Amino acid sequence: MQLKPSPRAIALYYFGIFAVLGVYLPLFPSWLAAQGVRGVAMGAIAATLPAMGLIAPPVFGFIADSLGVRVWLIRAACAGALVVFALLSLSSALGVALGFGGLFVAALAFAFFRSPMFTMADVVAMETSLSSGIAYGRLRLWGSLSFALMAIVGGALIDTARPAAFPVTMTAALLAAFLVSWALPARGEAPFRRPDRGPREPSDAASAPAPGGAVKQRARALLRSHDFRLFLAASFLAQSANSSYDLCYTLHLRDVGFPESLVGVAWAVGVSGEIALMAFSGPLLQRFAPPALLAVAFAGAALRWALLSTVRWWPALLAIQPLHAVSFAMMWVASLAYTRDRAPPEILATAQGLFSASAGAGSVIGMLAWGELYRRGGGSLTFGVAAITASIAFVLAVTFARSARRSLSGSAVFSVSS
């Protein structure tokens, strides 16, 4: 008998892995700049994270659906990422300069392992939500809360000018995430069980191994649908615009005179809006179809980037941050709601991987451009172009909402409010 992860264990795991991102995303660009990496070089290194998001999620999703493996992939990924930053911490402590090549390889290895840490967590959370009756957003918000706390603490306490401070903190956070991953039960996961022991209960269908050919056939059918292709295209453009925030937001705040001690607070204010939206995402998805929410999310993102490109007064910049609830949180829960509704349970991990790959491709293109754009024109040029990109995603989303083949009102994973 397969043991289902408890909602509490999933929430704890989300808390652990998003603590890692709470250190990585706000501080990694500043740490690279302190190592002398700027412009195109910074963009290339930062782009490794979304680049692996393009390749790894479909691969790991196919493996997960074909073999019925979820938690063991999560544990292996956490261990791999931990080893990468442990080695990076050691080199920094010893004063060994890695240069562009070494930093690129380290970032690429971390990005490879990071992908299943998060993608598989969403799959496990969605499957557990079906059986527990707890909405996905209420599990995922613990990750957002962890991110906000670490952004505040990390921004205040970690000096990125010290070579070892950032990688050592990342190593500690990854060690905690690896230990927490063992709270997720994996007994009974394939290949540690035989898939031919009689009929399965319906609740086991989502995580039961399916023949590789059947997974491929169903994935191809999903990709042939017009609405799903429009969804992937809109996700590509929206995430391309969002990546400007990940790479350039901290740099922009410091360039316009935002108080250094409040940079982490600014990130946390944005995540607070994200937490609030995810907490109430169930009723929201009961009332509105995911395609309509995606259109609103992309419109909100375009407004947010346009404001960032023009506003200079730091209290106003802080006041803009709650738009993160729309530009990211609403986009994320609506995207997963649509994916969960649209994909058969047997290829849920594969469908999630396809969405993640599309978003990852957008981030790759974005990060390769944003670093150079920021070097040439600062935040005004960078976020101005991001606003135009998000506006195009909005147009696609409106088309997608009108051409959807069936009404999508949100599945039980997202609409249950208990």
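Before moving on, here are some points about what is shown:
- Checking every one of the trypsin sites (Lys or Arg not before Pro) in the stretch 309-352 against DSSP loop status and a limit of 13 other Cβ atoms within 10 Å picks out ARG312.
- A simple spin-label model places pseudo-atoms 7 Å from Cα toward Cβ; at LEU307 and VAL59 they are separated by 4.0 nm.
- Spin-label model, ALA76/VAL395: points 7 Å from Cα along the beta carbon direction are separated by 4.4 nm.
- Volume per residue for the chain equals 120 cubic angstrom (convex hull of Cα atoms).
- Calculated FRET value between LEU98 and VAL153, using beta carbons and R₀ = 22 Å, to 0.05: 0.25
- Percentage, to the nearest whole number, of Cα pairs in the stretch 322-371 over 17 Å apart: 48
- Cut-off 12 Å (backbone N to label point 7 Å along Cα→Cβ of ALA164), residues of the stretch 53-90: 89-90
- Cα→Cβ-extended label distance, 7 Å offset, between LEU108 and LEU381, nm: 2.8
- Peptides 246-253, 302-309, 118-125, 226-233 ranked from most to least packed, by the mean per-residue count of other Cβ atoms within 10 Å: 118-125, 246-253, 302-309, 226-233.
- Counting only alpha carbon atoms, the long axis of helix 136-157 and the longest principal axis of the chain meet at about 20°.
- Principal-axis tilt of helix 212-224 within the chain, Cα atoms, nearest 10 degrees: 60
Rule-based calculations on the coordinates, nothing more; no lab input. None of the values given here were measured: they were computed from a predicted structure. Counting neighbours? That spans all protein chains shown, and the Cβs are built from the backbone with ideal geometry, glycine included.
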